[in-house]
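Contents: one structure, followed by commentary.
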Amino acid sequence: SVMTEANQPVPVSIPTRTRKRVHMPRSSALFSLANKSTPACLKVLKPDRPRPQLHIPRVQVPSPVAQPSPSSKALKLYQDPAFKIQSDPFRESVELLAISNLENVKASSDGQCSKAIMFQVEPRILDQIKRNTQLRVEARLLSFHQKYLNWKSAMEPHLNRTLLRTPPPPTQDSMWALPQPLDLTESIDSSCLLNFDCRPLSEPCVCAIELVRIRSLEDVIQVVESASLESSCPPCETQGCVSLSCPISFKRIIIPARSTQCKHPQPFCLRSHLQLCQRSSLWHCPICLQPAPIHTLRIDRKFARLLVLANPNYTHILLSPDGSCEWISDDDHTTQPTQAVAKPSVDDVGSQRSVAIAEICDRVS
């Protein structure tokens, strides 16, 4: 009641709350609790008729074709057999540390077109490099036209903020003029960052950083000897005057060799040829200037037998069309016909290497 001004109470009606029944689905957790002990207000009524569900068919969207990533494209180029043929025989690849595609390198806002390659070197590799001086970490530039590119000084390569010295380019621009790699051994660390400017590059390429082992001269000679056991030199001219001295060192030929592309009978000393190619990076025949890479070099078996029979005073051999040959000496300017091929001896020749080559040729033939 409310008091009025006359202090008389006036009745006031207050609305009461009405209780409504709760409709819960059958799948609700309260459905399992509705039993005799629950109050009537919490009891669940029977659900209504289930509503029909709309079934939307799934549309199969074709998955996009996976495009080859730059890393896979660069790795495919690195594994190309053409680069294995052109590779330097004095360098044996041990492990690939990093590879980067330089095909789509864009210039930044300040006009620089630089590339940064980050790679990790495991502690075991660092330990092997410290112990073995024949192991090196080198970087090469592989062109998509299946050839190696030169490192130019204008590229300014830096490894861990240390300016690297670029190797000199070959004196001639040829397919078999192998550019020297960039040596990273002195500045190598567990975590490396290689930076260089890509503007001097004439074409898109791939930069491969690998661990290589430097082969000795004797190892490369054994590679040629193994290849000569499987195949011999192709036939050449059978007449003319052939010198017993190497056209490179002007000394007596010890291991006579020619390229499979050479047509002349004059061989060169394999040891002198490999030393010259290692210094100049030019794999050409010193006589006909034809390409003479490592996979085309073969030991001349016929000339190796003649070297074993030759007297130290003889300097040339005169080949006749009928297959016979005569010795020529510069001392008396006389010629002597060759005798039948006999078993070589070290005393007659004075070189165990020539005897070994001749015995190998006898076993093959």
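The values are calculated or read from the model by the stated rules, or taken from the named source; none is laboratory data. This is a predicted model, so every value here is computed, not measured. For neighbour counting, all protein chains shown are included, and Cβ atoms are generated from backbone atoms with ideal geometry for every residue, glycine included. Ligands, DNA and RNA are excluded from the accessible area calculation, which covers all protein heavy atoms including side chains. Shrake-Rupley method; radii C 1.70, N 1.55, O 1.52, S 1.80 Å.
For the stretch 197-227, give me the residue count where each residue is over 23 Å from Leu135 (Cβ atoms), touching an Asp or Glu at 6+ places or on another chain (Cβ under 7 Å) and among the hydrophobic types (A, V, I, L, M, F, W, C). Spell out the reasoning first.
In the first step, residues of the stretch 197-227 are kept if they are over 23 Å from Leu135 (Cβ atoms); the result is 197-205, 224-227.
Applying the additional criterion that residues be touching an Asp or Glu at 6+ places or on another chain (Cβ under 7 Å) yields 197, 204.
Subset that is among the hydrophobic types (A, V, I, L, M, F, W, C): none.
Going through the stretch 197-227 one residue at a time, the tally reaches 0.
Being of a type in the set (D, E, K, R), part of a loop (DSSP other than H, G, I, E, B) and open to solvent by 50 Å² or more (accessible area, probe 1.4 Å), is that true of even one residue in the stretch 262-276? Give the steps one after another, and end with the answer.
At the first step, the residues of the stretch 262-276 found to be of a type in the set (D, E, K, R) are 263, 271.
Filter again for part of a loop (DSSP other than H, G, I, E, B), leaving 263.
Subset that is open to solvent by 50 Å² or more (accessible area, probe 1.4 Å): 263.
Yes.
Keeping to the stretch 288-306, report how many residues are under 28 Å from Ile328 (Cα atoms), open to solvent by 50 Å² or more (accessible area, probe 1.4 Å) and assigned to a helix (DSSP H, G or I).
Selection size over the stretch 288-306: 2.
Can you tell me which residue in the stretch 89-108 is surrounded by the fewest Cβ atoms within 10 Å (Cβ to Cβ), limited to those that are assigned to a loop (DSSP other than H, G, I, E, B) and in contact with a Lys or Arg (Cβ under 9 Å, 6 or more places away or on another chain)? Give the steps one after another, and end with the answer.
We begin by selecting, within the stretch 89-108, every residue assigned to a loop (DSSP other than H, G, I, E, B); these are 89-90, 102-108.
Checking which are in contact with a Lys or Arg (Cβ under 9 Å, 6 or more places away or on another chain) leaves us with 89-90, 102-103, 105, 107.
Numbers: Pro89: 19, Phe90: 18, Leu102: 22, Glu103: 14, Val105: 15, Ala107: 11.
The qualifying residue surrounded by the fewest Cβ atoms within 10 Å (Cβ to Cβ) is Ala107.
Give me the pairs: first residue in the stretch 150-169 and closer than 16 Å to Met118 by Cα and touching a residue at least 24 places away in the same chain (Cβ under 8 Å), second residue among the charged types (D, E, K, R) and surrounded by fewer than 18 Cβ atoms within 10 Å (Cβ to Cβ), beta-carbon distance under 8 Å, and six or more apart or on different chains, which are they?
Short answer, once both residue conditions are applied: Asn160/Asp189.
Out of the residues in the stretch 213-244 that are touching a Pro at 6+ places or on another chain (Cβ under 8 Å) and assigned to a strand (DSSP E or B), state the one that is surrounded by the fewest Cβ atoms within 10 Å (Cβ to Cβ). Working first, answer last.
Going residue by residue through the stretch 213-244, those that are touching a Pro at 6+ places or on another chain (Cβ under 8 Å) are 215, 220, 223, 236-240, 242.
Add one more test, that the residue is assigned to a strand (DSSP E or B), and what stays is 240, 242.
Working: Gly240: 15, Val242: 20.
Among them, the one singled out is Gly240.
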